[in-house]
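The values are calculated or read from the model by the stated rules, or taken from the named source; none is laboratory data. Just so it is clear, the structure is predicted and the values come from calculations on it, not from any experiment. Counting neighbours? That spans all protein chains shown, and the Cβs are built from the backbone with ideal geometry, glycine included. Accessible surface is based on the protein model in full, side chains and every heavy atom, while ligands, DNA and RNA are left aside. Shrake-Rupley method; radii C 1.70, N 1.55, O 1.52, S 1.80 Å.
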Amino acid sequence: MSDDASVASSASSTEHETQLTRQSKFKVLALVDGIMIEPVTSHGDDDDGDGGSHFSGTDDDDDEYTASALIERLAIGDEDAVMQQQPSFQPGAPGQHSRCTRSSYGPYVGSMDELEDRIGPDVDGGLIFTLKILPNNYNSMGEKKLKFLQPKDYDPQSQTPKPRRKMPFPVTVDDFYGSLTRIGEPVDVVGEELMDDLWDRDGRQCANSTHNTNSDEIESRPPRWVFTGVINGWPGLPMPLEVLTIQTRDPSFLGRRKGFTTSWNRDKEGRVEGKSPSLCCKSASEEKGLQVKAKLRAPQWSAHGWSRSSPGFIFWVEGQRVGAVNPPLVVTYGTNLKSHFRCPEEDDPQITRVHMINHRYATGGTKVESQKDKLTYHGIVLLEWDHAKYCSVVETGFLNGLGGYRCKSNWYADRDALETNLYAAFPPEMIMPWKDTMSEIRVHDVPYPDLDSFLGFMKKHSGHEGRFVGTNVSFSHAVRLTYRSRRNIVTYLLNYIRRDRTYSEMKRNCQTFAADLCGFLAGKRDVRPYHPVNQIQYTTQKHKFLYESSSIDDDGLESSVCYE
């Protein structure tokens, strides 16, 4: 491994760290509980009267997971035990380390040109996030009478919202509006410049021509209000975030029946009337007692990767080898993988065999396996290498499925540790709540030379008090692809995930990906997903491994789409 490997994860996060150090002052929240209680998903609204959030599957007594009833459910261990875990330390400034759960709010004092460059063009396509704006005195009557915040999301010791909650993220009025910055020209300046330009011109034709030209130039920089900081302890939320809408609702019974109404919209109040979000909505929580939520959009690049400079939702975890004892891990992601794995051809390892392995998730020993659990299988691909120093587990799942839950991976022995080696290795920009409508590809090197030894690891952790249930191998074959080096494999996987980033219960999931990859590497046409439910609508997508996405239009993923 090259010397660059040891700094791969930190180098990939340089751009992310730079944007967080530009704040002249910020409010650091002293937090005790550093992790989530529920599995985090990235959609849902606060539609009840007590200020809580409704998310399918996360608040039910049986604690089922969302959007993967028949396909995949992330194994995260005993949640009651996870709830009691405390972060061992809070390293560095907020947002600069994966384990840091502190938030950062305050005015932006850096270069406006640089801020505009970071937010990028005013087009749809970036990831969408929602915030719950709490009144400053939301906890004035104690933790049992919180305003618009559920007690489980509140830390009575620090008297602040717990970090890394699910959406909508809780933020107080002063923290939210105090972190907004306007970029672009105000509406009155735009109008005056247009009128002055027309007044100085001679002739109607010349005036009309000049009006159109300058209008286009000015319209390219309309007023936009953006948020900068670290929200609710999530270091990976891509900054800055542009405010799209702010909605309010009366918390009374009739108000809940009526629903939220838009009090500020960036196209109407923002661009036409020139009003700031704080002018229209700051008093809604404090003086009017309304529930308030905001919708924000990340830069366009956020829908394509974890950083602007390295697109592609794929990461590779290195370090585990046969005989290694607690080795440090290195996480590299996106297109940086191509340069990271560059080496002389004779030193580039080759894959020799490919296997499809399927299993159900353990219920923890206290819960009876339901019929749904018995139908829920997770499919992975195991790659054997010619050097026999390790194998590689390749899988797909929800976007940020590991980063959103303290990097607890089933494929490493320390999954149930207070803080895993993988958690320490993860770049901070990858620590975000997961999105169950988008996918990522994960590659983990594991310290087993072949299939039999890896199955021995799975057998050791089998049973409902372990990790795996019903383990089986549904496909094994020699790799027949001519170009099958590690760098070749990275290129194939990048092509696949950049061509289609969606996740679907029936059409695009862990089992369909495993079937595509196994059939592609082995050169077999009859490879299908393991479970009959997944076979119903399956259509092979093996061709997506072959072609660079930059030269092909994304199928159904145009830049005008907002990923919510």
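In order along region 116-131, phi translates into HN-Hα couplings of 5, 5, 6, 6, x, x, 7, 9, 6, x, x, 5, 10, 10, 10, 10 Hz, rounded to whole numbers, per the Karplus curve 6.51 cos²θ - 1.76 cosθ + 1.60 with θ = phi - 60° and x for Gly and Pro. Rounded to 0.05, the FRET efficiency of the residue 488 and residue 369 pair, given R0 = 30 Å and the Cβ-Cβ distance, is 0.15. Sequence-ordered 3J(HN,Hα) estimates for region 386-391 from the Karplus curve with 6.51, -1.76 and 1.60 and θ = phi - 60° stand at 5, 7, 6, 8, 6, 10 Hz, glycine and proline given as x.
Of the peptides 227-236, 540-549, 305-314, the ranking by mean beta-carbon count within 10 Å, highest at the top, reads 227-236, 305-314, 540-549. Residue 368 contributes about 130 Å² of solvent-accessible surface, heavy atoms of the protein only, 1.4 Å probe. Return the whole-Å distance between the Cα centroid of region 95-162 and the Cα centroid of region 407-482. Region 95-162 and region 407-482 have Cα centres separated by 32 Å. Taking all protein chains as they are arranged and a probe of 1.4 Å, the heavy atoms of residue 112 leave approximately 70 Å² accessible to solvent.
Separation of the alpha carbons by more than 25 angstrom is noted, of 144/408; 132/374; 293/372; 147/282; 408/460; 145/275, for 144/408; 132/374; 293/372; 145/275. Here r is the Cβ-Cβ distance between residue 113 and residue 254 and R0 is 35 Å; the resulting FRET efficiency, rounded to 0.05, is 0.15.
Within the shell defined by Cβ-Cβ distances under 14 Å, the residues around residue 523 carry a net charge of +4, with Lys and Arg each +1 and Asp and Glu each -1.
Net charge dipole, region 324-453: roughly 620 debye, given to the nearest 20, about the Cα centre with Cβ charges of +1 for Lys and Arg and -1 for Asp and Glu. Subtracting the Cα-Cα distance of residue 536 and residue 268 from 0.36 nm times their residue separation leaves 91.9 nm of extension gain. Kindly flag which residue pairs out of 507/544; 152/288; 507/542 have an alpha-carbon separation exceeding 19 Å in this structure. From 507/544; 152/288; 507/542, over 19 Å: 152/288. In sequence order, region 492-505 has phi-based couplings of 4, 5, 4, 4, 5, 6, 6, 6, 8, 9, 7, 10, 9, 4 Hz under the Karplus curve 6.51 cos²θ - 1.76 cosθ + 1.60, θ = phi - 60°, and Gly or Pro positions carry x. Contact order for region 412-532, expressed relative to its length and based on alpha carbon pairs under 8 Å spaced 6+ residues apart, stands at 26 percent.
So which GluC sites (Glu not before Pro) in region 214-287 end up in coil per DSSP with only 16 or fewer other C-beta atoms within 10 Å? Here the sparse-neighbourhood loop sites are 273, 287.
Working from Cα pairs under 8 Å separated by at least six residues, relative contact order for region 344-406 is 33 percent. Using heavy atoms of the protein chains and a probe of 1.4 Å, the accessible area assigned to residue 343 is about 50 Å². In this structure the amide hydrogen of residue 95, modeled in the peptide plane, comes within under 5 Å of the amide hydrogens of 102, none closer than 5 places in sequence on its chain. Which of the GluC sites (Glu not before Pro) across region 337-377 are loop residues per DSSP, with 15 or fewer other Cβ within 10 Å? Answer in residue order: 369.
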